[in-house]
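Structure first, then comments.
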Amino acid sequence: MLSPIQVLCSDITTLSLEPEPFASYTEADIISTVEFNHTGELLATGDKGGRVVIFQREPESKCEPFSQGEYNVYSTFQSHEPEFDYLKSLEIEEKINKIRWLPQQNAAHFLLSTNDKTIKLWKVSERDKRPEGYNLKDEEGRIKDLSTVPVLMPMDLMVEVSPRRVFANAHTYHVNSISVNSDYQTYMSADDLRINLWHLDITDRSFNIVDIKPANMEDLTEVITAAEFHPHHCNLFVYSSSKGTLRLCDMREAALCDKHSKLFEEPEDPSARSFFSEIISSVSDVKFSHSGRYLLTRDYLTAKVWDLNMESKPLETYQVHDYLRSKLCSLYENDCIFDKFECAWNGSDSVIMTGAYNNFFRMFDRNTKRDVTLEASRESSKPRAVLKPRRVCAAGGKRRKDDISVDSLDFTKKILHTAWHPTENIIAIAATNNLYIFQDKLNSELH
């Protein structure tokens with residue numbers, strides 16, 4: 001088993017969506033989601049400008065048989081445009097909230113992308129031949145010799161992206177999650193108060209499977225923050241709330257899953273309660289392990305692993321940046337306390353990863369209990385370089401050489417979106433408008 005310190009040690013591929021180093025960027029260029037497909041050969045990013053960029057992994061070089069293929073731009077397309085809801089006088093942002101790939105069934109690839117209101121199904125396909133000889137008339141309008149058979153002629157490879165379905169008008173509130181079911185026929189979309197179940201072939205109706213909206217909105221105490229289907233059981237799904245709870249639901253029990261099958265909640269320590277307790281306990285992301293046995297959640301300060309068979313408390317709790325506990329007041333004032341960090345499992349469910357501030361990201365080895373802080377930045381991420389572990393010194397703590405003081409952290413540089421290759425030690429890190437891909441070239445076969 002690799003320790004997290006080794007996971008990113010040997011070689012680094014760094015990709016950037018900037019046209020040149022340190023080029024200025026706009027709000028629209030900020031990456032808002034990152035997702036590998038089921039084989040890891042494709043990697044998609046969405047940004048605040050409604051664009052989707054797909055990267056493809058290049059095949060391994062014959063002259064360098066031990067080198068992993070690097071990721072290069074495969075296709076770029078505009079997924080969503082800004083809209084205006086005239087009934088509510090609200091602008092609908094084009095920002096891509098989530099991307100989810102469908103398992104590949106044929107030569108084409110399919111992915112779902114969503115902004116706050118509308119989900120779209122896209123087909124990504126290649127074309128390297130064009131038909132010739134189909135016209136029955138020549139350029140002057142004369143009937144051609146019909147004995148000629150149309151033929152396919154070779155052409156330069158072209159990647160075509162076309163919208164196949166548009167799933168709209170089903171969410172009153174902002175969509176925060178989409179998740180494809182293991183039956184590969186249905187998927188769900190979640191907003192602040194409701195979760196809908198869709199069939200991939202039907203766009204004009206969906207089934208509401210969770211509705212937590214109270215009759216009187218003044219009685220509202222929590223909202224849905226994330227939702228995901230079980231990777232193997234198509235009847236099970238989980239959703240998290242702003243109160244820090246997880247609810248596992250079984251669609252076999254009822255059409256409307258108002259009553260959960262299991263409630264995962266950690267009892268609060270009354271002595272540790274403060275003004276910020278409810279804000280920092282809000283779950284920003286939930287992910288099933290590949291095995292389906294565990295749940296990984298992220299709140300503001302911690303990442304937690306839950307066993308589906310134990311509802312009373314998390315199996316493991318990892319402190320992501322506990323040194324910020326003394327800074328919660330200033331983080332509340334600058335709104336950073338409401339940042340929503342995502343989390344990810346490695347392919348064997350033995351290491352977890354999540355982001356932090358100052359372009360740092362954290363990795364925790366569940367077996368050895370070792371952890372590491374690494375940095376995704378142009379200065380530290382030179383190609384073929386070794387990533388050096390970083391360490392943050394808490395306020396008033398003893399500072400060692402190369403330690404970074406908590407007071408000097410840059411809270412505008414934050415790693416919110418991360419993804420891990422499904423089978424290899426390759427990770428994708430979104431840092432503002434840059435996409436970094438780190439890979440362990442020596443040990444990737446061990447996972």
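The values are calculated or read from the model by the stated rules, or taken from the named source; none is laboratory data. This is a predicted model, so every value here is computed, not measured. Because the Cβ atoms are built from the backbone with ideal geometry, glycine has one as well, and the counts that use them run over all protein chains shown. With ligands, DNA and RNA removed, areas are computed over all heavy atoms of the protein, side chains included. Shrake-Rupley method; radii C 1.70, N 1.55, O 1.52, S 1.80 Å.
Each residue of the chain gets 205 Å³ once the volume of the Cα convex hull is shared out per residue. One Cα centroid belongs to segment 205-249, the other to segment 153-194; the line between them spans 19 Å.
If you roll a 1.4 angstrom probe over the protein chains with everything in place, what fraction of the accessible area of the chain belongs to carbon and sulfur, to the nearest %? Intermediate values should be presented prior to the final figure.
On the way: 11230 of 22270 Å².
That share works out to 50 percent.
Computed from the Cα positions only, the extents of segment 246-342 along the three principal axes stand at 46, 26, 26 Å, in decreasing order. Exceedance of the 32 Å cut-off in Cα-Cα distance is limited, within the set LYS259/LYS304; LYS95/LYS369; LYS120/LYS259; LYS117/LYS304; LYS259/LYS413, to LYS95/LYS369; LYS259/LYS413.
Let me check I have the definition right: for segment 311-357, take the eigenvalues of the Cα gyration tensor, multiply each by 5, take square roots. What are those semi-axes in whole Å, largest first? Show your work: numbers first, answer last.
On the way: eigenvalues 128, 38, 19 Å².
For segment 311-357, the ellipsoid semi-axes come out as 25, 14, 10 Å.
Using a probe radius of 1.4 Å on heavy atoms only, what accessible surface per residue do you get for segment 282-422? Whole Å² is fine.
Dividing the accessible area of segment 282-422 by its residue count gives 43 Å².
Applying a DSSP loop filter and a limit of 11 other Cβ atoms within 10 Å to the chymotrypsin sites (Phe, Trp or Tyr not before Pro) in segment 200-247 leaves nothing. One compactness figure for segment 74-132 is 1.48, namely its Cα radius of gyration divided by 2.2 N^0.38 Å.
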